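Shown next, in structure tokens, is the structure this report addresses.
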Amino acid sequence: MEQHEKMHDLIGVGIGPFNLSLAALLDEHESVDALFFEQNATFDWHPGMLIEGTKMQVPFIADLVTMADPTNPYSFLNYISKNDRMYQFYFLQRLDIPRREYNDYCQWVAAQLDSCRFGKRVVDIRHVQDGEEYFEIVVDDLESGEKTTFKSRNLVMGTGSIPVIPKSFRGLPSEDVFHTADFLSHQDRCRNAGSITVIGSGQSAAETFRELLKEQREYGFRLDWITRSPGFASMEESKLSLEHFSPDYVNYFYQLPQNQKDEIFASQGLYYKGISNHTVNDIYNLLYEYSVGEEEPNVGLQVLSEVKEIQPKQGGGYELTCYHWQKKEEFTHSSDLVIAATGYKPNVPDFVHHLEDFLEWDEHGRYKVTPDYRLKQTKETSNEIYVHSGISHTHGVGSTNLGLSVHRNKVIINHLLGREIYPMKEKTIFQSFTV
């Protein structure tokens, strides 16, 4: 195993939008020696859901750098300019941008950053106390198979989230029962199916259903959408409600008792888990058009129903055992394909458990986190672990929101450098969450 003796100031694990933002901002600070490792060969943000026609749920100003420094060369507007698309974007007259374009923008930034290393999987991290304290990071080069050890005074975890598949959906052929995260790679399979059922009622479910609905009449499959929710609820997108995705609300939420935070967060689903209004409208408009001059569309939308079990049927396809929880009645539903829009959970890699004795955990096995995004430690040390994912329980509903990613990185950089590089305004919104 090769060992690098050089001591880095910061090593990042994972390169999603949050760590890519940090890498872009740190590129302007030559005093910080930083490296970021990502196991995927290139930057690719939710590739299975880069459906043509889908758009970002935040304005383009929530790019990787603008909220900290609008003059930064890695801004979205500079990306537009460098790609000679300024007039096209000007005439577009939109704040939101296509999801595919956001991914392309991030790839453009990542390609310019020497600190970002792709095809490199972090497989182990240990805290070393050998005269000088530091973290030892073992990195596997996925192309060569070689392992290399790096040293760093500090870490930043940007390991993102992973799809959640209910236990009752597991163990079935992945070409027939799969998560929305893999939708685009299964799209041709969907076109050749006799029937398809989407399970869930969030944005991913709606975007998948809308894409299938657009093709349903051409390919002739039966299309169903089942959710245990009372309805296909729209996301709360009013401007004052959006102020929950602000530094002010993060600071307010953090100071509440943990049991109260858990209770509040559980009630805020429509701030981040509902369906965007334009997506709901698109679906309804398609259903309405399909009903003109014809019989009922070969489409079903079923609410208040939980899928309890999925079993293969003799001769092909699957039988879903469902439970209508208000009427307390069980029923069955048949489908050739089942697409699970069952959400995501924070990705806590196996190697984090090598630091279990070094970190503090709450009674639910979650990270304990400081207000400035550092993992709380059981030992006195100058080595810090900053964190981007798995902190909704401490920092609230905006923890995964791209509009707050740059603010979080401003906080991290200020702490890392020990001085206020980026000024922090105390009040950023119109309403007050405290007295």
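The values are calculated or read from the model by the stated rules, or taken from the named source; none is laboratory data. Quick caveat, the model's predicted, so the values are computed rather than measured. Counting neighbours? That spans all protein chains shown, and the Cβs are built from the backbone with ideal geometry, glycine included.
For segment 325-356, the set of residues classified as at pLDDT below 95, more than 30 Å from MET49 (Cα to Cα) and touching a strand residue (DSSP E or B) at 6+ places or on another chain (Cβ under 7 Å) consists of HIS354, LEU355, listed by residue number. Flag: PHE232 matches the condition of being hydrophobic (A, V, I, L, M, F, W, C) and either closer than 30 Å to ASP336 by Cβ or more than 20 Å from the chain's Cα centre (by Cα) (or both).
Restricting the first member to segment 355-366 and to residues that are assigned by TED's automatic domain parsing to the domain that holds LYS379, and the second to residues that are among the small types (Gly, Ala, Ser), the beta-carbon pairs closer than 7 Å and six or more apart or on different chains are ARG366/GLY390.
Test ASP96 against the stated conditions and say whether it is of a type outside the set (A, V, I, L, M) and closer than 25 Å to PHE351 by Cα. Answer is no for this residue. Within segment 63-84, residues that are at pLDDT below 95 reach no partner that is part of a helix (DSSP H, G or I) with beta carbons closer than 6 Å at six or more positions or on different chains. Taking segment 403-418 as the range and being over 20 Å from LEU256 (Cα atoms), crowded, with 21+ Cβ neighbours inside 10 Å and among the hydrophobic types (A, V, I, L, M, F, W, C) as the test, the residues that pass are VAL406, ILE412, ILE413, LEU416. Taking segment 386-419, which residues are within 23 Å of PRO59 (Cβ to Cβ), small (Gly, Ala, Ser) and not in a helix (DSSP H, G or I)? Residues satisfying the conditions are SER389, GLY396, GLY398, SER399. Every test in (1) modelled with pLDDT under 95; (2) of a type outside the set (A, V, I, L, M); (3) out of contact with any Ser or Thr (no Cβ under 6 Å at 6 or more places or on another chain) is passed by THR149 save one, and that test is (1). The residue list PHE37, PHE60 contains one member that is among the aromatic types (Phe, Trp, Tyr) and closer than 30 Å to THR208 by Cα, which is PHE60.
Can you pull out the residues in segment 246-270 that are free of Cβ contacts under 8 Å to residues at least 12 places away in the same chain and under 19 Å from the mean Cα position of the chain (by Cα)? Selection gives ALA266, GLY269.
For the residues LEU355, LEU404, LEU359, LEU375, the requirement of being closer than 25 Å to SER241 by Cβ and among the aliphatic types (A, V, I, L, M) singles out LEU404. Limited to segment 343-363, what total is found for residues that are closer than 17 Å to ARG374 by Cβ and assigned to a helix (DSSP H, G or I)? Within segment 343-363, residues that are closer than 17 Å to ARG374 by Cβ and assigned to a helix (DSSP H, G or I) number 2.
Scan segment 182-203 and tell me whether some residue there is over 21 Å from the mean Cα position of the chain (by Cα), buried (at least 22 other Cβ atoms within 10 Å of the Cβ) and assigned to a strand (DSSP E or B). Within segment 182-203 (the criterion being over 21 Å from the mean Cα position of the chain (by Cα), buried (at least 22 other Cβ atoms within 10 Å of the Cβ) and assigned to a strand (DSSP E or B)), the answer is yes, since at least one residue qualifies.
The set of residues in segment 364-384 being part of a strand (DSSP E or B) and more than 18 Å from GLY160 (Cα to Cα) consists of GLN377 alone. For segment 91-123, name all the residues that are within 20 Å of HIS8 (Cα to Cα) and of a type in the set (A, V, I, L, M). Residues satisfying the conditions are ALA110, LEU113, VAL122, VAL123.
Please go through segment 204-223 and pick out each residue that is closer than 23 Å to THR332 by Cβ and within 25 Å of the chain's Cα centre (by Cα). Correct list: ALA205, THR208, PHE209, LEU212.
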